[in-house]
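K.L.:
Here it is, the structure, as structure tokens.
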Amino acid sequence: MRKLTLIAAAVGLVCALLWVLTIPATVPASALPPHTPDFDNGRTMFNIGGCASCHATPNKDAEKIDRTRLSGGLALQSPFGTFYVPNISPDPADGIGGWSEADFVTALWKGTSHHGRHLFPAFPYTSYQHMELADVRDLFAYLKTLPPVSGRARRHDLAFPFNVRRLVGLWKVLYLHGGPFRRDPSQSPQWNRGAYLVNGPGHCAECHSPRNFLGAIVASERFAGGPSPDGKGWVPNITPVGLQHWSKEDIAWSAKDIAGFLDDGMNPAGDFAGGAMVETIRNTSKLDAADRAAIAAYIVSLPPRQGPKPPPKK
Amino acid sequence: MIRTVFAVAAVALGVTAAIAQQDPIAARKALMKANGDQGKIGAAMTKGEAPFDLEKAHKVFATFEDAAAKAPALFPENSTDQPTADDPYSASPDIWQNLEDFKARFAKFGADAKAADASVKDLESFKAAFANIGKNNCGGCHEKYRLKKS
């Protein structure tokens, strides 16, 4: 009898500890000093953040998508089930119209919804957590200028136990740490800007890295390419291992090639990007040339990393 | 001299037609490869790595026009292809689900290339026309209809 009590108490303790460990973190309004929004910067963050690529009303014909209508609804396939992207238009009932600034910062930095529940990391807050506070707030201000669109996306279709939001708290203990971007003082301002854009709002690693069985990026192979997170095709290695011996012509991409590619989709072979990268370039083509150059300068400086091998051609 | 040119052109035309009849997949890959080769030339001029040459600029756009005119006929039913060791690209099955849109894109590609051919006169006009075609014609179609196996 005693033994049973002890075991029950131990289990209870473990559960309580897990419960505490997985409490969704939030950012209180008191943590936000006074700030005047910079809408131009907000638009830049919107573009490099790629918000429209997931959150705009889907259309079979990508060229017909209205980037300002963020009703959500896109289905994102994953190994865990299908996620349905939510409405982030300023609609007060179905979107973020009723959110406070602190709610929005909480979502991007902590992956916690304004109801205080964990957001699934299909929303790449693992990257957005590195965004600077002013940039997040400017982005929020910009989003609020877009048209409100009504309609909620359907609920995610996930297999058990992946649909248990509380468990994402454990995932976060393992994989969400870092906080806002830290400058490297030994590098140039351009490099730092590129490092910030790539690792923060640009969230490039989220596609260009392999993931483990829990769906987290394999840190030692960051940027080394892998299967596309939505299961369609392969995303290339963009460390020097991939970019210095590229394609059967063994071409070496220069920073200028990368910056140009992010503008018009043209690769050094004179061909034009296809597949999912076209959507990314729709975003990066809207940045300043200086920001594209900064991204390129950072990418060419990445340490060479061998990633997983793509499946053999039939 | 001119008769030789005509003779060679006639033979080339005949050979291309013959290949097209027998092997639309090879023929369309050849057209796209020609586009790619011209794309490299255009890219070099755009990026300032090669001096601007008006004749070369015209040839880039003329090649695109040619491809746009010939390609739609080279995608008959049941002509799906698979990536090979030499060529990671293949035609997406979506082409045959959206044949109207697919062919319309070639029509637009041809029209845009023709307009570019008529209007190009210097590096600036070339850059603008080339980038526009690359992004909207090449990129747009490749996004939907070209698959790549890395």
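K.L.:
Mind counting the residues in the range B:71-101 that are surrounded by fewer than 16 Cβ atoms within 10 Å (Cβ to Cβ), facing chain A (nearest Cβ under 9 Å) and not in a loop (DSSP other than H, G, I, E, B)?
P.N.:
Result for the range B:71-101: 1.
K.L.:
Moving to a separate point now. Could you check, for the range A:229-250, whether at least one of its residues is touching a residue at least 60 places away in the same chain (Cβ under 8 Å), of a type in the set (D, E, K, R), buried (at least 18 other Cβ atoms within 10 Å of the Cβ) and more than 9 Å from chain B (Cβ to nearest Cβ)?
P.N.:
no
K.L.:
Just the residues that are aromatic (Phe, Trp, Tyr) and over 20 Å from A:CYS204 (Cβ atoms), please, taken from the range A:94-119. Even if it seems obvious, please write down each step before you answer.
P.N.:
Kept after step one, since they are aromatic (Phe, Trp, Tyr), are these residues of the range A:94-119: A:99, A:104, A:109.
Matches in the range A:94-119: A:TRP99, A:PHE104.
K.L.:
Could you please tell me which pairs satisfy a Cβ distance under 8 Å, a separation of 6+ or placement on different chains, a first residue in the range B:37-64 that is acidic (Asp, Glu), and a second residue that is outside any helix (DSSP H, G or I)?
P.N.:
Pairs found: B:ASP37/A:GLY270.
K.L.:
Of the conditions (1) closer than 22 Å to B:CYS141 by Cα; (2) modelled with pLDDT under 90, A:ILE251 fails just one. Which one is it?
P.N.:
It is condition (1) that A:ILE251 fails.
Residue by residue, here is whether (1) charged (D, E, K, R); (2) surrounded by 12 or more Cβ atoms within 10 Å (Cβ to Cβ) holds:
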| site | (1), (2) |
| --- | --- |
| A:LEU17 | no, no |
| A:THR26 | no, yes |
| A:ALA52 | no, yes |
| A:LYS60 | yes, no |
| A:ASP66 | yes, yes |
| A:SER78 | no, yes |
| A:ASP94 | yes, yes |
| A:TRP99 | no, yes |
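K.L.:
Does A:LEU170 fit the bill of being part of a loop (DSSP other than H, G, I, E, B), away from chain B (no Cβ under 14 Å), touching a residue at least 40 places away in the same chain (Cβ under 8 Å) and closer than 25 Å to A:VAL105 by Cα? Please lay out each step first, then the result.
P.N.:
Working: part of a loop (DSSP other than H, G, I, E, B): no; away from chain B (no Cβ under 14 Å): yes; touching a residue at least 40 places away in the same chain (Cβ under 8 Å): yes; closer than 25 Å to A:VAL105 by Cα: yes.
When the stated conditions are applied, A:LEU170 does not pass them.
K.L.:
Moving on. Does A:GLN129 satisfy being in contact (Cβ under 8 Å) with a residue 24 or more places away in the chain and surrounded by fewer than 17 Cβ atoms within 10 Å (Cβ to Cβ)?
P.N.:
Details: in contact (Cβ under 8 Å) with a residue 24 or more places away in the chain: yes; surrounded by fewer than 17 Cβ atoms within 10 Å (Cβ to Cβ): no.
So A:GLN129 does not fit the description; no.
K.L.:
Looking only at the range B:102-135, count every residue that is surrounded by 20 or more Cβ atoms within 10 Å (Cβ to Cβ), under 21 Å from B:LYS59 (Cβ atoms) and of a type in the set (D, E, K, R) and tell me the total.
P.N.:
Residues meeting the conditions: 1.
K.L.:
Moving on. Is there a residue in the range A:41-54 that is farther than 23 Å from A:ASP291 by Cα and in contact with a Gly (Cβ under 8 Å, 6 or more places away or on another chain)? Outline the logic, then answer.
P.N.:
From the range A:41-54, those farther than 23 Å from A:ASP291 by Cα are none; that's our starting set.
No, the conditions are met nowhere in the range A:41-54.
K.L.:
Suppose we filter A:PRO34, A:PRO58 for residues that are assigned to a loop (DSSP other than H, G, I, E, B) and more than 20 Å from A:ILE96 (Cα to Cα); which single one remains? Steps first, please.
P.N.:
Working: A:PRO58 fails: more than 20 Å from A:ILE96 (Cα to Cα).
Testing whether each residue is assigned to a loop (DSSP other than H, G, I, E, B) and more than 20 Å from A:ILE96 (Cα to Cα) leaves just A:PRO34.
K.L.:
Here's another thing I want to ask about it. Suppose we filter A:GLY215, A:GLY202 for residues that are surrounded by fewer than 22 Cβ atoms within 10 Å (Cβ to Cβ) and either more than 14 Å from chain B (Cβ to nearest Cβ) or modelled with pLDDT under 90 (or both); which single one remains?
P.N.:
One residue alone meets the criteria, A:GLY215.
K.L.:
Would you confirm whether or not the range A:38-55 contains a residue that is touching a Lys or Arg at 6+ places or on another chain (Cβ under 7 Å), assigned to a helix (DSSP H, G or I), closer than 27 Å to A:PRO227 by Cβ and of a type in the set (A, V, I, L, M, F, W, C)?
P.N.:
Of all residues in the range A:38-55, those touching a Lys or Arg at 6+ places or on another chain (Cβ under 7 Å) come to A:47, A:52.
Add one more test, that the residue is assigned to a helix (DSSP H, G or I), and what stays is A:47, A:52.
Then drop every residue that is not closer than 27 Å to A:PRO227 by Cβ, which leaves A:47, A:52.
Next, only the ones that are of a type in the set (A, V, I, L, M, F, W, C) stay: A:52.
Within the range A:38-55, one or more residues are touching a Lys or Arg at 6+ places or on another chain (Cβ under 7 Å), assigned to a helix (DSSP H, G or I), closer than 27 Å to A:PRO227 by Cβ and of a type in the set (A, V, I, L, M, F, W, C).
K.L.:
When you scan the range A:129-149, do you find a residue that is out of contact with any strand residue (DSSP E or B) (no Cβ under 9 Å at 6 or more places or on another chain), closer than 24 Å to A:GLY42 by Cα and among the basic types (Lys, Arg), even just one?
P.N.:
Step one: filter the range A:129-149 for residues out of contact with any strand residue (DSSP E or B) (no Cβ under 9 Å at 6 or more places or on another chain), giving A:129-149.
Going one step further and asking which of them are closer than 24 Å to A:GLY42 by Cα, we end up with A:129-149.
Add one more test, that the residue is among the basic types (Lys, Arg), and what stays is A:137, A:144.
Within the range A:129-149, one or more residues are out of contact with any strand residue (DSSP E or B) (no Cβ under 9 Å at 6 or more places or on another chain), closer than 24 Å to A:GLY42 by Cα and among the basic types (Lys, Arg).
K.L.:
A further question on this structure: Among residues belonging to the range A:257-267 that are at the interface with another protein chain (Cβ under 7 Å from one of its Cβ atoms) and modelled with pLDDT under 90, point out the one that is surrounded by the fewest Cβ atoms within 10 Å (Cβ to Cβ). Steps first, answer last, please.
P.N.:
In the first step, residues of the range A:257-267 are kept if they are at the interface with another protein chain (Cβ under 7 Å from one of its Cβ atoms); the result is A:260, A:264-266.
Next, only the ones that are modelled with pLDDT under 90 stay: A:264-266.
Values: A:ASP264: 22, A:GLY265: 27, A:MET266: 26.
Result: A:ASP264.
K.L.:
Of everything in the range B:105-150 that's within 11 Å of chain A (Cβ to nearest Cβ) and among the polar types (S, T, N, Q), which residue is farthest from B:ASP94 (Cα to Cα)?
P.N.:
Checking each candidate, the answer is B:ASN132.
K.L.:
Identify the residue in the range B:47-70 that is more than 18 Å from the chain's Cα centre (by Cα), surrounded by 14 or more Cβ atoms within 10 Å (Cβ to Cβ) and within 14 Å of another protein chain (Cβ to nearest Cβ) and, among all such residues, is modelled with the lowest pLDDT.
P.N.:
Looking at residues that are more than 18 Å from the chain's Cα centre (by Cα), surrounded by 14 or more Cβ atoms within 10 Å (Cβ to Cβ) and within 14 Å of another protein chain (Cβ to nearest Cβ), I get B:LYS47.
The values are calculated or read from the model by the stated rules, or taken from the named source; none is laboratory data. Values in this document were obtained by computation on a predicted structure and should not be read as measured data. As a convention, Cβ positions derive from the backbone with ideal geometry for all residues, glycine included, and neighbour counts pool all protein chains shown.
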